[in-house]
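Written below as structure tokens is the structure these notes are about.
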Amino acid sequence: MINFPVFESLDISGYGLYPGPSNPDKGLKIQFQPGLTLVLGANGLGKTTLVRILYRLLTGPFDIPRLEGRFDLGTTRLDAKKLSRKYQQTFGARVMDGARNATAILSLHLGNRKVLIERRLSNLALIRLEIDDSPVEAIDEITYQEKTIELVGTSSFGDWILLLRFLIFYFEDRRALVWDPAAQMQILRILLLSGTKAKLWTKDYREILELDSQMRNLQAVVGKEEKDLAKTETQVKDGDATLKKLNELIKLRDKETELYERLLDELQEVDKSRKQARQRVLKSEQEREAAFRGIERIKFASIGNQFPSSRETAKYIFAQLLTDQECIVCGNNVPGVEAEYANRIEKAQCVVCGSGRPGQESPLDAKDGKHSKNLQQSTIELRQIETDLEEARRALNEAEANFQSHENQINELREKIENQSNRIDLLIINLPPEEAKINKHRTRLDLMHVRVKELKDQLVYLREQFRIFVKKVNQEMAQSKEIIKTSFNKYAEGFLIEKCLLTWAPHKATVGQSGSSFRFPSFNLDMAGTDFPLPVRRTDPDQVSESQREFIDLAFRMALMSVASDRGSSLVMDAPESSLDAVFAPRAADVLTRFAKPKGNRLLITSNLVDGQLIPGLLNSIKIDDRKARLVNLLDIAEPTAAVRENREEYDKILLSLLQST
Amino acid sequence: MYDTNCDELRYGIDKLRRHVRLIVLLNAAENAGLTPFPIIQLHTFAYLSNVLSPVWDMPALEGKVLKRRGSPFYPALQHDVDRLVGMGVILVSNISHVLDEDQRWRLKCSYNLNHPFADPILKCIKEFETERKALNFIQELAYALSALSADDLGRATSEDATYADPIIDFDNVVDFAEWEIENFSANAAQYFGHLFPDQMTATPGELLHLYVHHLHSRLRND
């Protein structure tokens with residue numbers, strides 16, 4: 001069980017950006033109550049800075065490098081590293097005095113332990129750390145990090161930073177966890193595995209990454225040495241045709257190796273599309289079968305009346321013909337016959353010979369007045385599903401052809417490169433006897449080849465051990481999938497109109513840039529849409545609208561947090577209104593309010609004073625008398641910008657109307 | 001779609017293979033006393049004949065299936081069954097329509113071979129070595145499965161190592177022989193061979209019986 005931070009209070013003093021309303025309330029003070037705290041302001045008043053201060057109070061002057069960009073978490077080391085001096089002084093750089101006397105104090109709960117952190121804003125240095133009201137003596141960042149991981153329950157400080165980045169803080173430059181399988185793998189590892197296993201995972205993973213990088217570096221050096229050797233030999237035996245050939249071959253092989261590696265990278269993506277297309281076809285086939293049987297059921301009941309004493313096989317054949325226009329006796333498609341038979345049934349005639357059957361009503365009308373209507377509607381639905389199935393099959397054929405073409409190219413290139421390497425080796429051996437220098441070079445190269453082989457063997461062994469470990473823990477993690485899905489549905493249903501399902505779909509990825517792939521835990525998303533009557537896999541954030549993207553990811557984060565801890569959490573969102581339209585804003589407010597309700601969760605939202613439905617929607621869940629206490633008004637607290645000074649009255653009017661709206 | 005005058009050679013070879021497999025499945029089920037064979041049990045039997053085929057050193061006829069909340073169901077195979085009913089090779093009985101675990105309509109019925117039409121086909125199948133091998137494998141599997149009640153057979157895949165793999169969620173593809181090669185069911189069956197004393201070697205048939213016995217024990221312990 002992970003203990004997420006539950007914020008209690010924040011006190012920023014001596015910081016020029018937040019001079020405070022007046023004495024004695026200098027600075028910025030927030031008492032976080034269970035539920036919503038809303039930070040309102042205008043551009044330039046320090047909303048984002050406030051969120052960053054909260055974040056930095058928790059991370060100190062440490063972070064995981066390159067986490068902010070779109071960098072693939074699968075190929076990077078996730079260790080917390082000390083920030084450069086420039087980044088440590090980010091808050092100081094925003095004010096004239098370099099935040100010389102500015103401090104920030106955050107009180108929070110981690111599980112049932114009370115924690116107080118005080119830092120200098122000029123350089124993020126730790127001034128005070130208290131646990132359960134007792135000061136921790138001789139504090140430094142290492143002690144702080146050790147205490148934090150002990151209280152939170154993660155296996156490293158890097159994991160704590162990942163939790164903050166991917167679950168707690170919703171920055172403007174956030175990465176969508178639901179579409180980032182590498183990040184999901186890390187978060188699920190932290191949340192669902194015991195500390196020992198999560199640590200072992202990281203250790204093994206890192207060891208493979210390092211060895212892989214070591215091996216590749218050495219391989220690159222070997223390549224360079226080969227080139228140098230050829231060059232030296234060219235110099236020695238200038239004009240020699242063999243050496244010329246050797247150089248050409250090495251150049252060609254390098255070029256083709258580059259292409260080969262690019263195609264290998266692409267193959268993973270192509271394979272992903274191919275699998276997505278196959279899943280869509282199989283799902284559409286099941287839907288088509290169900291729709292078809294639904295219609296068959298109605299028609300079968302109708303035909304049953306026409307064959308009071310005949311065998312079921314005959315009824316079955318006629319039902320199929322009337323449903324699918326296909327004669328299952330000969331396999332032909334016969335819409336004309338189907339129409340004729342349907343007409344006979346409607347007129348209460350014998351379906352086989354067309355004779356009148358006096359006294360018989362049309363079974364379609366007689367049995368249930370709604371049948372004909374149902375039948376029509378069901379038939380339209382069936383045809384829609386069939387169109388979708390056709391499209392899915394076409395997409396699958398295309399994806400398979402694409403995959404095949406990539407694979408063929410890769411195989412051809414691999415063979416070519418192998419042949420070229422063999423020819424290069426042969427040419428090097430057949431070179432005329434050289435001077436001592438060249439011999440020495442060759443011996444060195446031989447030793448390097450041996451070392452590359454050793455590293456490769458070691459990698460194969462480590463990868464196999466890791467594969468066994470991952471397989472075991474995958475099973476363990478999969479046990480939590482249903483509860484996460486249920487929790488996700490609870491949040492997503494409120495926001496989305498379309499049917500949207502989370503599905504457990506482990507993804508394949510290599511560890512490092514070589515070797516075969518592993519199956520790592522992750523969820524995918526199936527969602528219906530305007531062009532897709534059935535939920536279709538959305539493997540890319542671009543496959544949904546911007547509003548949907550943000551809140552699907554939010555629902556996913558909320559689901560993970562509620563499953564991983566029953567002691568509450570905080571969620572900090574910076575400017576969530578930017579991606580929402582008028583329809584989605586009230587829905588978003590509803591989802592956020594639902595997160596804020598249970599377990600004493602804290603929800604901190606920063607927003608500009610804008611027209612729209614999000615802020616009123618959020619405020620509506622709070623009694624009018626209580627609203628002021630939940631509001632941090634940066635117009636009063638922050639150093640005013642020129643725009644605020646000029647338009648203050650207007651801003652105040654908007655604020656008042658928000659506070660009084662119901 | 002086939003034209004009225006087409007003969008067997010003009011079917012797609014895959015379709016013909018699937019038709020043959022269906023006749024063999026129903027014949028094996030009948031020999032093991034399992035007929036009339038309910039539709040769900042037929043699809044489960046087809047799935048097990050695919051996933052356990054490596055035990056008999058044979059390739060799977062279909063190496064993947066969509067994981068559903070209930071047992072496996074192959075729409076293409078069902079279309080083939082419908083066609084064979086139309087041709088008179090299979091007889092259908094007790095037809096009705098029911099809602100499945102996902103509240104979608106599905107057919108409920110039972111099937112039998114119509115011997116005057118099926119027997120010449122079976123006779124022909126037995127003349128080819130590979131087909132005879134498949135027939136023997138499926139027959140052995142049917143005998144093993146006959147130890148289960150109809151109800152247990154219908155839900156056998158809920159304990160099957162591949163279909164019930166918790167890593168694969170519903171509505172995702174269970175792939176054991178199309179683009180992937182991991183087949184936990186066949187691995188588990190093969191593993192039972194290691195439990196025999198050193199001087200004894202388990203036959204493929206014994207491995208099938210042991211695997212089905214294992215399914216049975218797990219179903220009983222539910």
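Values computed for the structure shown
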read-out: Residues located in the range B:81-109, provided they are more than 9 Å from every other protein chain (Cβ to nearest Cβ) and either in contact with a Ser or Thr (Cβ under 6 Å, 6 or more places away or on another chain) or surrounded by 19 or more Cβ atoms within 10 Å (Cβ to Cβ) (or both); value: B:VAL81, B:VAL89, B:LYS108
read-out: Flag if A:ALA301 is within 12 Å of chain B (Cβ to nearest Cβ), surrounded by 17 or more Cβ atoms within 10 Å (Cβ to Cβ) and at pLDDT below 75; value: yes
read-out: Subset of the range B:191-222 (residues that are of a type in the set (D, E, K, R) and either exposed (fewer than 10 other Cβ atoms within 10 Å of the Cβ) or within 14 Å of B:ASP160 (Cα to Cα) (or both)); value: B:ASP198, B:ARG218, B:ARG220, B:ASP222
read-out: Failed condition for B:LYS133, given (1) over 29 Å from B:TYR211 (Cα atoms); (2) touching a residue at least 60 places away in the same chain (Cβ under 8 Å); value: (1)
read-out: Meets criteria (facing chain A (nearest Cβ under 9 Å), surrounded by fewer than 20 Cβ atoms within 10 Å (Cβ to Cβ), touching a residue at least 12 places away in the same chain (Cβ under 8 Å) and charged (D, E, K, R)) for B:LYS64; value: yes
read-out: Flag if B:SER149 is farther than 30 Å from A:ILE317 by Cβ, surrounded by fewer than 22 Cβ atoms within 10 Å (Cβ to Cβ) and more than 8 Å from chain A (Cβ to nearest Cβ); value: yes
read-out: Some residue of the range A:96-104 being of a type in the set (A, V, I, L, M, F, W, C), surrounded by fewer than 16 Cβ atoms within 10 Å (Cβ to Cβ), in contact (Cβ under 8 Å) with a residue 24 or more places away in the chain and out of contact with any His (no Cβ under 6 Å at 6 or more places or on another chain); value: yes
read-out: One residue from A:ASN419, A:ASN474, A:ASN439 being without any contact (Cβ under 8 Å) to a residue 12 or more places away in the chain, closer than 27 Å to A:ASP212 by Cβ and either out of contact with any strand residue (DSSP E or B) (no Cβ under 9 Å at 6 or more places or on another chain) or surrounded by 13 or more Cβ atoms within 10 Å (Cβ to Cβ) (or both); value: A:ASN419
read-out: Those residues of the range B:193-211 which are under 21 Å from the mean Cα position of the chain (by Cα) and without any contact (Cβ under 8 Å) to a residue 24 or more places away in the chain, in sequence order; value: B:THR203, B:GLU206, B:LEU210
read-out: Filtered residue count, the range A:485-516, keeping only those that are within 20 Å of the chain's Cα centre (by Cα), away from chain B (no Cβ under 11 Å) and assigned to a helix (DSSP H, G or I); value: 9
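The values are calculated or read from the model by the stated rules, or taken from the named source; none is laboratory data. Computed from a predicted model, the values in this text were never measured in an experiment. Every residue, glycine as well, gets a Cβ built from its backbone with ideal geometry; the counts of neighbours run over all protein chains shown.
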